[in-house]
């Protein structure tokens, strides 16, 4: 991926994180990469958990504990998502059909 | 209902569950006999699910047990478990039990949280439990390096795959190692307060755990036609999740559907959807979860949901707010939630779990009591309309002469509750309050210290004989909670013990206090954290009192308050509702110089924590301070003494 494509993708991811924060945490302010999750956004543990799970739902990625260990800012989170997305690309993961949680499954198996 | 045959250890219970449930369906085979379908179902975030029948759970556990035996894990040794909710937790849990060892469930790292604090606490718990080995999920294990280095469990930290491999070829054949486990052997260690400062490992025997599960199961027959079907998102390292949901399902045996706590927190509607989908009759949660569901679940997420099956919605593990009960009942009535479903309960990890239950077949009960009599004299004087179904009436209560309290019901079969005078004070370390073995219980309606007795009390705090002796006295457990009995039911008014109870989990105040005490401009070591349920509020309020290093102008106090809140949140993930910055020397202390948390709150609520002018960093101040009844009572006495009204 060239630099331009990477930059475009980074912006999209940032916008996606912003949408999650708006929808699930009620945060209306624009998010910039340097904002720290705890110190600046003042997220508590439940909000951090919500952010992590909903970002995963939105981008259909699974953040590993060691990804998360290094995440302090919005930019760190975006970078971790980008890394996981890049990993998943070759497998041809599309992103249509809405978030996975909406998929209905049969009742008791 | 099948007749209950005596089952005296969890292993015997697993064996019995395996023989009394239908085996997993193999291709083409007809269901065998008319055994019930019983086991554990695991729901994923896309709401797909997998099911493990009890026979399968036992088979998997035996494979792990063989590996553990080959590793050298011996009966009685503790094994730490760090797993998310999923089949592997149970492989490890029952595998550990099957080798005669004692599982110690620990919580996995908080998502996006600070790992430094996590490592420190978890290492403290592993050490306090004396764990010989830590078993972890493969993803979590990669992060546990530092914890393991700090705690040094002799057999290290391993994944289940590693353990089963170590069992060697031919060992993973499902043959359990032959161990003799007796009812009075330890079966579980859980923590009453998850911190390094004061990690208290609560040791529970097979006998105690089974007694608790049996007491819970004895409640259903009058209410439910069939054996209960449960749904739980509660963490498995929490007594309400493991002891309250899994063990009763094991003992019956019955079916329990589990989803991870992170799925509930991120998307509370999943809890209600799961209850509806699997027609669950029983599902418990702490107060905060009901509040979260009221505020975060959107109507459109409940398309097709029918909650009429949900007969018992237990509410426990933290203070129960009448406003939340009423809001939840009213909000979800549209989806068929029965009016009688919400059931406030009370318990504590030292009693394995539950001690009292309110009646299952009627709406929750609240009482209205004279505020002044309760606060000043510790006397519960009912005000007209008492004992009726709660209206909730959030808001507008501050000026009313009555305070509304929720009944947490009557003791479970085999349990006793006694309220004794709350004399003596643990903060002074000098005197102990009288136990029911030494003093006479207070009459109905008098506020005092709550003691309980029953078949599921802990054996003690592991490795802490002194603390055990202070807490377990003459067969009674000092709960450290304050309350009164009225019409045979228990009402709680506050806590005598130094513990913060937030979102169903206990926290020691020391972690927040240390973080705040290190902020520049704060007086080192002079911070106090307290939490309590203010009247009319939806949950406990967390307030941090901090002394400034030097007398400070308002702007400096505001800065200090904001910095302290940030530091506390960074260290613990907890959102502080208010930081009160005080002049140096304001916080009350014992004669030996220890900070007195309860006294701090009492004076704060009574307005006698001087100098007044609290800096309110975040929001909400005066209106909420009319509560914390038991604390206020103490402060009124103090004030009366100070003004000569009382000797």
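Brief remarks follow.
- Treating r as the C-beta distance of residue A:32 and residue B:37 and R0 as 60 Å, the FRET efficiency rounds to 0.70.
- Neighbour-count ranking [beta-carbon atoms within 10 angstrom, fewest first] of B:310, B:451: B:310, B:451
- Report summary: the helix-based calculation at 222 nm, which adds -39500 (n - 2.57) for every DSSP H run with n ≥ 4 and divides by the residues of chain B, gives -8500 deg cm²/dmol.
- Unit Cα scatterers, Debye sum, chain B: log10 I(q)/I(0) for q = 0.06, 0.09 Å⁻¹: -0.32, -0.75
- Each 5 Å bin, from zero up to the one with the longest distance, holds this percent of the alpha carbon pairs of segment B:545-601: 4, 18, 24, 21, 21, 10, 2.
- The simple spin-label model puts a point 7 Å past each Cα toward its Cβ; for residue B:590 and residue B:184 those points are separated by 3.3 nm.
- Computed FRET value (nearest 0.05) for residue A:12 with residue B:224, which takes r as the C-beta separation and R₀ as 56 Å: 0.65
- Virtual spin-label span in nm between residue B:8 and residue B:298, 7 Å along Cα→Cβ: 5.7
- Nearest-0.05 FRET efficiency for residue B:423 and residue B:377, computed from C-beta distance (R0 22 Å): 0.90
- Cα gyration tensor shape for segment B:485-549, rounded if a/c is under 1.5, else prolate or oblate: prolate
- Label-to-label distance for residue B:437 and residue B:161 is 5.2 nm, based on points extended 7 Å past Cα in the beta-carbon direction.
- Ranked for footprinting exposure by Cβ neighbours inside 10 Å, fewest first, B:292, B:325 give B:292, B:325.
- Packing-based exposure ordering (other Cβ within 10 Å, fewest first) of A:12, B:47: A:12, B:47
- Inter-chain Cβ neighbour count for A:63-73, averaged per residue, equals 4 (cutoff 10 Å, partner chain atoms only).
- Using all pairs of distinct alpha-carbon atoms, the Kirkwood hydrodynamic radius of segment B:265-321 works out to 11.7 angstrom.
- From largest to smallest, the equivalent ellipsoid semi-axes obtained for segment B:180-250 from the alpha-carbon gyration tensor read 25, 17, 9 Å.
- Structural descriptor for chain B: relative contact order 10 percent, calculated from alpha carbon pairs under 8 angstrom and at least 6 residues apart.
- Two-decimal log10 I(q)/I(0) for segment B:210-315, as the Debye equation yields it once each C-alpha is a single scatterer, q = 0.13, 0.14, 0.20, 0.23 Å⁻¹: -0.44, -0.51, -1.03, -1.31
- On Cα atoms only, tilt of B:54-71 relative to the major axis of chain B in degrees: 90
Throughout, read-outs are computed from the coordinates displayed, never taken from laboratory work. Because the structure is a prediction, the values reported are computed rather than measured. Virtual Cβ from ideal backbone geometry, glycine too; neighbours counted across all protein chains shown.
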